[in-house]
1. Quick one: in region A:78-104, of everything that is more than 16 Å from the chain's Cα centre (by Cα) and more than 7 Å from chain B (Cβ to nearest Cβ), which residue is farthest from residue A:168 (Cα to Cα)?
2. From (1) crowded, with 21+ Cβ neighbours inside 10 Å; (2) more than 14 Å from chain B (Cβ to nearest Cβ), pick out the condition that doesn't hold for residue A:68.
3. Select from region A:1-48 the residues that are free of Cβ contacts under 8 Å to residues at least 40 places away in the same chain and farther than 20 Å from residue A:210 by Cα and list them in ascending order.
4. Being over 17 Å from the mean Cα position of the chain (by Cα) and either closer than 20 Å to residue B:256 by Cα or surrounded by 15 or more Cβ atoms within 10 Å (Cβ to Cβ) (or both) is true for just one of B:13, B:20, B:42, B:38. Which residue is that?
5. Counting only residues that are without any contact (Cβ under 8 Å) to a residue 60 or more places away in the chain and touching a helix residue (DSSP H, G or I) at 6+ places or on another chain (Cβ under 9 Å), which one in region B:180-190 is farthest from the other protein chains (Cβ to nearest Cβ)?
6. Inspect region B:29-44 for any residue being touching a residue at least 12 places away in the same chain (Cβ under 8 Å), under 30 Å from residue B:197 (Cα atoms) and touching a helix residue (DSSP H, G or I) at 6+ places or on another chain (Cβ under 6 Å) and give the result as yes or no.
7. Would you please name the residue that is surrounded by the most Cβ atoms within 10 Å (Cβ to Cβ), looking only at residues in region B:113-137 that are more than 21 Å from the chain's Cα centre (by Cα) and outside any loop (DSSP other than H, G, I, E, B)?
8. Tell me, yes or no, whether region B:210-226 has at least one residue that is more than 30 Å from residue B:136 (Cβ to Cβ) and either more than 8 Å from chain A (Cβ to nearest Cβ) or not in a helix (DSSP H, G or I) (or both).
């Protein structure tokens, strides 16, 4: 079952502000791909394009799944989620005034996921015991690390095949970042996911990536075909270490 | 969950039965005159809350949907001498369409723009009606009541029972929405619309649905108005006071549960009626304003919110340390 997400020459922006310029990348089944870039370089915009929340003005986004080839640029977000793509948004974007359990239930909003709600909820509580202890607590009152865990668990409630993670390190202590990134890798292996992770923390992202891209000012400036290639690239050193 | 359902329907049937018995037993027309208004506000407040409370999209144009409902009846009465049931059904459909149309034009924008647009809708429709001579224009139109249907001995009493049925219907709809996935989605939209979209909640579709249902119920509440008053004119029918009351009552009662608008409407509606008769009809508007400000500042969760707080305070006081 070949699963592939292809982005070709996508241009997108917000009104007069162009955020993405001829961006092309690929995500193949079973990979963990890193999208590296510092603030304001287009990572989140690209993620939103993939989820149908921002419409590209040019270019194509194609998902090959279960023998079908689908144009994501023309689809509604809810349809894309139904296909099996889930996003852990930048800044978590939880439902602060709803409980942990209600947040998780909303992750399974799509009709295809509703039938498996109880089973997936049990899975989540098994894998994230911290959330189980706090199931009736308001999401807004959780700590940063717990919120990140909830955001990831919520994305998994729709039993996705592709997981887009947008800057999971934001607002977390270095130790927690390490833990979160490791957890993403474990979940990826455990649930047979394909992961695209946008990150500013190059070191952490490359740690679990199979390969990756570097995005600067809305353009892909480098494609690393292995994690080593990424890490040894001059750009990474200059952007990350300021050298 | 099922037990709660049975309790609700038993309560609903009892309420209707009580309304009918009162209509057959009590002689003083005034109670039904006032009771009609209170029940009308139960419908309006419940309808408002479906979009405003559950989804967080504040509608300032209740008067428009209510007025469209009333004037639909006027047209049907004058053109076809249509029976009340047809008036209500048609009014619901037309006001529902108005809700859908308003939503389509504005719901792609975020909350505040929708609210501003609803103010405009009320003004637009009032202006349209003022300039439509067939329905009496600015002067209004006088209507003859048809003969009353047995077993009621007065038209007002019959309308009172009709409005009681509408109130129960509106509450049943709100209750169903609240407990369903639609309600879950609306709550998600209210809490964080972006997060809702990310999780595949069809935000536009749900908002349009809520807007349509809300508008339809408001129109249904307006449909019996011409027969209730025997006289309709645009200024009082499209009045801002309907918009303010429909908003204030759920806020006072509590917006997260269907019981909130009912409590708010019964409380505020009754107080307004009492003030109108005892002190002055101008002062009743002041009452709404004062209570609204008081609740927003002191108890934003409304009466239901206060009750919930009391309960949790009491249970935590009782729990062992």
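The values are calculated or read from the model by the stated rules, or taken from the named source; none is laboratory data. Everything quoted here is computed from the prediction, not taken from an experiment. Cβ: placed from backbone, ideal geometry, glycine included. Neighbour counts: every protein chain shown.
1. Filtering region A:78-104 for residues that are more than 16 Å from the chain's Cα centre (by Cα) and more than 7 Å from chain B (Cβ to nearest Cβ), the one farthest from residue A:168 (Cα to Cα) comes out as A:79.
2. (1)
3. A:15, A:16, A:17, A:40, A:48
4. B:20
5. B:182
6. The answer is yes, given that some residue of region B:29-44 is touching a residue at least 12 places away in the same chain (Cβ under 8 Å), under 30 Å from residue B:197 (Cα atoms) and touching a helix residue (DSSP H, G or I) at 6+ places or on another chain (Cβ under 6 Å).
7. It comes out as B:129.
8. Checked against the condition, which is being more than 30 Å from residue B:136 (Cβ to Cβ) and either more than 8 Å from chain A (Cβ to nearest Cβ) or not in a helix (DSSP H, G or I) (or both), region B:210-226 yields at least one hit.
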